[in-house]
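**Student:** If you scroll down you'll find the structure; I have some questions about it.
The values are calculated or read from the model by the stated rules, or taken from the named source; none is laboratory data. Here the structure is a predicted model, which means the values were calculated and not measured. Glycine also receives a Cβ, built like all others from the backbone with ideal geometry; neighbour counts cover every protein chain displayed. Remember, those area values only see protein heavy atoms, side chains included, never the ligands or the DNA or RNA. Shrake-Rupley method; radii C 1.70, N 1.55, O 1.52, S 1.80 Å.
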Amino acid sequence: MADVAAAAGVSGQTVSRVVNGSPRVDPETRARIEAAMADLGYRPHRAARALRTGRSGTIGVIVATLATVGNSRMLEAVASAAARRDLAVTLISLAERTGIADAFDRLHDLGVDGAIVLNEATAIAEGVAPPAGLALVAVDSPGGAFATVQSDHAGGAETATRRLTDAGRRAIAHVAGPAGSFAAAERERGWRAAHDGPPLREPLRGDWGAASGHAAGVVLAADPGVDAVFAANDQMALGVLRALAEAGREDVAVIGFDDVADAADYRPPLTTVRQDFDALGEAAVAALAATLDGEPATRTFVPTTLIARASG
C-alpha cells in the first residue's frame, strides 16, 4: 500500500479509502490510485481487511427462483452494483417456500456482511426473523423493520392502463401475476386505479410465464367485448399476443411490464412499462451499505417508464 501511495503521489490513508470503497475520494485521484495498483499488481488481502474492519466484503442474495426474467435481471443488477464496490456475492435460491429461515442461518454462518432479499422471496421472508447482526434489504416488499427498494409498480401500471383508456379502449382486461407477489398486487392496484369505476371484468391470474398468459389470452380472445389487455409482465403478454393472433383478434391492444430484451421483437412490437433494473440493483446495494453503517432504514422508489410500440 505504501508503494501504491508513492507511485500515485498520495497518502497511505487515501489509498486505504480507495481500497475500502469510500466515496470520499475524487474521481481523478481514484483513477490515479487504481492505475498505480494495476501497475504494481497490488491486491487487497480480504482476510486481513476483514480482521481489521470487521467486515467480510461479501453480501448474500436470496431469491425464490431464477426462472423469471425479473429475478434474473435483478440478480444481474445487484451483482454488478456489488462488483463496483468490490463486494463478492453469495447466492441462495430457495428450493422450497419454507427454506427462508435456513437461508438466513446459512448466510449468517458464512459470515456475510448483510443480505438482499429479491422480489417474491420477500413474501416468504415476512414473519421470519433473521439472525441477530444480519443486515437486510428487501426488494419489492410492503415494508418492515428493514430497508426496502422497489419499482413504482402501481404508477407504471396506472400509466399503461390510462394510455389504453385515452385511446378509447373501455374493456381493459388484466392478466395478473401470482397471488402473494407484492409486485403483482401493486400492478393490479395501478390497473384498477386507472378506471373511473370498477373494471368490467376481474383479472385472470397467471404465474409470470408465457404459457399462463396464453391460457388467459384464449379466454379473453373468446370475449368479443374485450378490446385491450394489460399483462403484469412481458412474458405473459407474449402468451396473450399468441392467443389473440390465433383467434384473429387483431383489434385488441396489449401492454406488458418489464421491457425485456426481446420486447421490441414481439409481433407486434410490445408496448410495455420499463423497469430500471440497474437503478434497482444500485439502490439495493447502497441501502445495504447504509444499513451496515448504522443509518436508519429507508424506503426507495425507482421510477418506471412507458415504452410505446405498436401493440398498444
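**Student:** From the phi of every residue in region 159-168, what ³J(HN,Hα) in whole Hz does the Karplus formula 6.51 cos²θ - 1.76 cosθ + 1.60 yield, where θ is phi - 60° and glycine or proline is x?
**Tutor:** These are the phi-based 3J(HN,Hα) values: 4, 4, 5, 5, 4, 6, 5, 5, 7, x Hz.
**Student:** Along the charge dipole of the chain, Cβ charges K/R +1 and D/E -1, which of Val149, Gly168, Phe182 sits furthest on the positive end?
**Tutor:** Comparing the listed Cα positions along the dipole, Val149 ranks first.
**Student:** Can you give the direction-averaged projected area of the convex hull of the alpha-carbon atoms in region 78-228, in nm²?
**Tutor:** 11.2
**Student:** Continuing with the same structure: Apply the Karplus parameterisation 6.51 cos²θ - 1.76 cosθ + 1.60, with θ equal to phi minus 60°, to every residue of region 217-229 and state each ³J(HN,Hα) to the nearest whole Hz, in sequence, with x for glycine and proline.
**Tutor:** So the J values, rounded to whole Hz, are x, 4, 5, 5, 5, 7, 9, x, x, 6, 10, 7, 9.
**Student:** Once you place label points 7 Å from the Cα toward the Cβ at Thr65 and Leu91, how far apart are they in nm?
**Tutor:** Result for the modelled spin labels: 1.6 nm.
**Student:** Also, quick follow-up: So, by mean Cβ neighbours within 10 angstrom, what's the order for 170-177, 218-225, 100-107 with the highest one leading?
**Tutor:** 170-177, 100-107, 218-225
**Student:** Based on the mean of other beta carbon atoms within 10 Å per residue, what is the order of 4-15, 139-150, most packed first?
**Tutor:** Per-residue Cβ counts within 10 Å, averaged per peptide and sorted highest first, yield 139-150, 4-15.
**Student:** Taking the solvent-accessible surface of protein heavy atoms with a 1.4 Å probe, what is the per residue accessible area of the chain in Å²?
**Tutor:** 46
**Student:** Got a number for carbon plus sulfur as a percent of the chain's accessible area, 1.4 Å probe?
**Tutor:** 53
**Student:** Considering amide H positions built from the backbone, and no H for Pro or chain starts, which residues 5 or more places from Arg205, or on another chain, come under 5 Å of its amide H?
**Tutor:** Those qualifying (amide H under 5 Å, at least 5 residues apart or on another chain) are Ala176.
**Student:** Something else about it: Ranked highest first by the average count of other Cβ atoms within 10 Å around their residues, in what order do 113-120, 274-281 fall?
**Tutor:** My ranking of the peptides, most packed first, is 113-120, 274-281.
**Student:** Rounded, prolate or oblate: which fits region 109-169 when a ≥ b ≥ c are the square roots of the eigenvalues of the alpha-carbon gyration tensor, with rounded for a/c under 1.5 and prolate only if a/b beats b/c?
**Tutor:** prolate
**Student:** Starting from the Cα of Ala290, step 7 Å along the direction of its Cβ; do the same at Met1; then give the gap between the two resulting points in nm.
**Tutor:** It works out to 2.8 nm between the two label points.
**Student:** Right, here's the next one. Amide H of Thr271: which non-local residues (sequence gap of 5 or more, or other chain) have their own amide H closer than 5 Å, using H built in the peptide plane?
**Tutor:** Amide H neighbours of Thr271, under 5 Å, 5+ apart: Gly256, Arg309, Ala310, Ser311, Gly312.
**Student:** From the Cα gyration tensor of region 202-312, with a ≥ b ≥ c the square roots of its eigenvalues, which class applies: rounded if a/c is under 1.5, or else prolate if a/b is larger than b/c, or else oblate?
**Tutor:** prolate
**Student:** Calculate the tail of P(r) for region 148-223: the fraction of all Cα-Cα distances greater than 20 Å, expressed in %.
**Tutor:** Tail of the P(r) past 20 Å holds 32 percent of the pairs.
**Student:** P(r) tail for the chain, what percent of Cα pairs lie past 25 Å?
**Tutor:** Everything past 25 Å amounts to 55 percent.
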